[in-house]
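S.K.: One structure, pasted below without further comment.
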Amino acid sequence: MLTKAKDVVCTFCGCLCDDIILTLDENRIVRVERACANGMGLFKNYNPDLLSPKIRGKEASWEKAIKEASEILSSAKYPLIYGLSSTSSEAQRVSVKLAEALGASIDSTSSVCHGPTGLAMQFVGEPTCTLGEIKNRADLLIFWGCNPIVSHSRHFARYSVMPKGRFVQDGRKGRKMVVIDVRLTQTARVADVFLQVKPGGDFELLVALKALVKGKSLDAVEAGGISTKVLQELVTDMKACRYGMIFFGMGLTMTKGRDLNVRELFSLVKELNDHTKFSALPMRGHGNVTGADQVMSWLCGYPFAVNFSKGYPRYGPGEFSVVDLLCNKETDALLVLASDPVAHLPSKAVDHIMEIPTIVIDPAESLSAKKATVYFPTAMYGVDCEGTAYRMDGVPLRLKAPMKGNRPSDEEVLEAILEGVRRC
Amino acid sequence: MSKEKNGKEIVCTMISGRTLEQAKEMHSGKNSKSYSEAVGKVYVSPLLLNELGLAEGEKIVLKSSFGRAEARAYVDPGLPHFVVFIPMGPVANLLVGYETEGTGMPSFKGVQVEVCGAC
Ligand code: SF4
């Protein structure tokens, strides 16, 4: 019998669109409405059929797999827990408990997306707002080093460029859209203004903009590959708008300068608030990567790259972060929670993953799961288990479970491993 | 593994990032052929493709100080002359720098690479 589930949250990206309609036939999703191509892919390809854990590629009972995983982690000298961004905040909380019990390091995918943004926030503060404010108020939207048409496809329609807001009643016509990027991306093609910054030129551009906002004149004819005249026009627009907004992506965090780029961007926004209302938000990729930062911050005091080897949390981006720990070959056992480092980390880090025992907890048998010493197939948050996820603007949303689950949640598997570790 | 074509290697800046195709194929499984194809592409400017003496779909060899990768060339007219773009994934990650400069973040974007055709 077909049933419909309304207002389902899509957890693929940080937009967490909460208006999805699913049609279910028993335990199959047969129709998905309102989601973008990425969201469609998430729901339509969801396969709940993998029911058995695997030890070294062979099916095993849950008890055996939990025992094996607990022993691997307990006997490791330097275990690392990594991932966290595509699971519920409830599971994230248990992963921190497990890291503490093991004296392990724990890091989320933040360290390879907006970790530098976290560092910048700690220096400057976070000039933030909700997506609702943007929808209702923002008349100047700047997208810097991000390509939401590809990565957050419904962002424009739901939150930023298109919607008719309370104080922006003309929708798209009432908003000016500027894109700053190295490439003429799909997003740049629909902008009112596109500024093509030269590779590695973002910091210079930000410093120049800040100087112009402060009323200083520039000796240079260009900054970051963009003429001073064009920059002056942008600054005039920035000061004249009623509510300005900068969305920024990994064009700032992954290039030369990293956290310094974002620090400069935040201080530009701070400066602009002397003239008008301005905010900035990172475009968060994974569905609950914002939750990973939140949960780690509540429990450890730091958003990522935390180590518990001394019995209390220590913060060390560049030391306790996943790429550094793996490339320096320090980690001797890895627990991957809802992430796929084999597909997404630099090859030198992947080489080390191939040499150490790994435990992977994931609804899908990813590249990392294929290589895992122990693999646990789990229910997916927001599909066949409930949970909480944080939208990119830090708003927590409750996730329902439209489908009946036949597999345990990430949280349940982590609790069982924690029990196992305590018994070892 | 293909060999580098004789001729000049051209120095470019490599950036990696999401593409619609990469995301779509990721959902159908990272072990699939279509995923490998989606992440095994390198986008170049029309000028660069011409200078390399290649047609779309032909192989390019890319070398950074961290590794070597091969990918099939496709044109993106929106790219600056000496910037190449690879969809995020295992191919781009062969070239990515692992120095994190005390931040935890490696250089997924802005990596200097030498590119040339493959034979
Ligand atoms: S924009 Fe993001 S959250 Fe919304 S449907 Fe697409 S993938 Fe899902």
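The values are calculated or read from the model by the stated rules, or taken from the named source; none is laboratory data. For clarity, every value in this text was computed on a predicted model and none was experimentally measured. Positions of Cβ are generated from backbone atoms using ideal geometry, with glycine treated the same way; all protein chains shown enter the neighbour counts. Accessible surface areas use protein heavy atoms only, side chains included; no ligands, DNA or RNA. Shrake-Rupley method; radii C 1.70, N 1.55, O 1.52, S 1.80 Å.
S.K.: I'd like the per residue volume of the convex hull spanned by the Cα atoms of segment A:113-245, given in cubic angstrom.
M.R.: Roughly 117 Å³ of hull volume per residue.
S.K.: Here's something else I'd like to know. With runs of 4+ DSSP H residues as the only contributors, calculate the mean residue ellipticity of the protein assembly as shown at 222 nm using -39,500 (n - 2.57) per run, divided by the residue total and rounded to the nearest 500.
M.R.: Per the formula, -9000 deg cm²/dmol.
S.K.: For segment A:32-139, report the convex hull volume of the alpha-carbon atoms normalised per residue, in Å³, without decimals.
M.R.: 192 Å³
S.K.: Which value, to two decimals, describes the C-alpha radius of gyration of segment A:260-311 once divided by 2.2 N^0.38 Å?
M.R.: The reported ratio for this selection is 1.54.
S.K.: If the cut-off is a Cα-Cα distance under 16 Å, which aspartates and glutamates reach residue A:173, setting aside same-chain residues fewer than 8 apart in sequence?
M.R.: Here the aspartates and glutamates satisfying the reach criterion relative to residue A:173 are A:139, A:192, A:237.
S.K.: Find which of A:82, A:109, A:191 sits farthest along the positive direction of the dipole of the protein assembly as shown, computed with +1 on the beta-carbon of Lys and Arg, -1 on that of Asp and Glu, about the Cα centre.
M.R.: A:191
S.K.: How far is the Cα center of segment A:1-65 from the Cα center of segment B:13-92, in Å?
M.R.: One Cα centre to the other: 30 Å.
S.K.: Using only Cα atoms, tell me the angle between helix A:89-102 and the longest principal axis of chain A; keep it within 0 to 90° and round to the nearest 10.
M.R.: Value to nearest ten degrees: 60.
S.K.: Now, a different point. Which percentage, to the nearest 5, of the DSSP beta bridges contained in chain B is antiparallel?
M.R.: Once the DSSP bridges in chain B are tallied, antiparallel ones form about 65 percent.
S.K.: Here is a further query. For chain A, take the longest principal axis of its alpha carbons; what is the angle in degrees between that and the long axis of helix A:259-272, to the nearest 10 within 0 to 90?
M.R.: Computed tilt is about 40 degrees.
S.K.: Sticking with this one: Rounded to whole Hz and in sequence order, give me ³J(HN,Hα) for segment A:18-25 from the Karplus expression 6.51 cos²θ - 1.76 cosθ + 1.60, θ = phi - 60°, writing x for Gly and Pro.
M.R.: Couplings: 10, 10, 6, 10, 10, 10, 10, 10 Hz.
S.K.: Set the Förster radius R0 to 41 Å, insert the Cβ-Cβ distance between residue A:355 and residue A:312 as r into 1/(1 + (r/R0)^6), and round the FRET efficiency to 0.05. Write down the numbers at each step before the final one.
M.R.: On the way: r = 30 Å, r/R0 = 0.73.
E(calc), rounded to 0.05, equals 0.85.
S.K.: Using Cα atoms only, what is the angle between the long axis of helix A:62-75 and the major principal axis of chain A, expressed in degrees (0 to 90) to the nearest 10?
M.R.: Between helix and principal axis, roughly 70 degrees.
S.K.: Here's another thing I want to ask about it. Considering every residue in A:41-47, what mean count of other chain Cβ atoms within 10 Å of its Cβ is obtained?
M.R.: Per residue, the number of nearby Cβ atoms from other chains is 3 on average.
S.K.: Here's another thing I want to ask about it. Ballpark to the nearest 100 Å², how much total accessible area do B and A bury together, probe 1.4 Å? Mind dumping the intermediate values first?
M.R.: Numbers: alone 6710 and 17580 Å², together 21000 Å².
About 3300 Å² of accessible surface is lost on pairing.
S.K.: Within segment A:211-241, list the trypsin sites (Lys or Arg not before Pro) lying in a DSSP loop whose Cβ has at most 15 other Cβ atoms in a 10 Å radius.
M.R.: Answer by residue number: A:214, A:216.
S.K.: Compare the Cα positions of B:78, A:305, A:174 along the charge dipole of the protein assembly as shown (+1 at Cβ of Lys, Arg; -1 at Cβ of Asp, Glu; about the Cα centre) and return the one farthest towards the positive end.
M.R.: A:174
S.K.: Within the accessible area of segment B:5-116, what % is carbon and sulfur when the probe is 1.4 Å and the other protein chains stay in place? Don't jump to the answer; show the numbers that get you there.
M.R.: On the way: 2280 of 4510 Å².
Ligands and nucleic acids excluded, carbon and sulfur give 51 percent.
S.K.: What does DSSP give for the protein assembly as shown in terms of the percent of beta bridges that are antiparallel, rounded to the nearest 5?
M.R.: Around 50 percent antiparallel, to the nearest 5.
S.K.: Okay, moving on. Just list whichever of A:370/B:30; A:256/B:8; A:44/B:24; B:8/B:59 have alpha carbons separated by over 19 Å in the model shown. Don't skip to the answer; put the middle values down first.
M.R.: On the way: A:370/B:30 10 Å; A:256/B:8 27 Å; A:44/B:24 11 Å; B:8/B:59 15 Å.
Violating the 19 Å Cα-Cα cut-off are A:256/B:8.
S.K.: Grab every C-alpha pair in chain B, bin the distances at 10 angstrom width from 0 up to the longest one, and report whole percents.
M.R.: 15, 47, 32, 7, 0
S.K.: Taking +1 at the Cβ of each Lys and Arg and -1 at the Cβ of each Asp and Glu, which of A:57, A:224, A:141 sits farthest along the dipole of the protein assembly as shown towards its positive end, judged by Cα position relative to the Cα centre?
M.R.: Of the options given, the answer is A:141.
S.K.: Give me the accessible area per residue for the protein assembly as shown, probe 1.4 Å, as a whole number in Å².
M.R.: 39 Å²
S.K.: Report which residues of segment A:191-228 become buried by 20 Å² or more of accessible surface when going from the isolated chain to the complete set of protein chains (1.4 Å probe; DNA, RNA and ligands ignored).
M.R.: Buried on complex formation: A:196, A:199.
S.K.: In debye, nearest 20, what is the charge dipole magnitude of segment A:39-83 about its Cα centre with +1 on Lys and Arg Cβ and -1 on Asp and Glu Cβ, if you could check?
M.R.: Roughly 120 debye for segment A:39-83.
S.K.: Quick one: P(r) of chain A from all Cα-Cα pairs, 10 Å bins, percents rounded to integers, in order of increasing distance.
M.R.: 5, 22, 29, 24, 14, 6, 1, 0
S.K.: Ignoring ligands, DNA and RNA, please state the percent of accessible area on chain A from carbon and sulfur, probe 1.4 Å.
M.R.: Answer for chain A: carbon and sulfur cover 50 percent of the accessible area.
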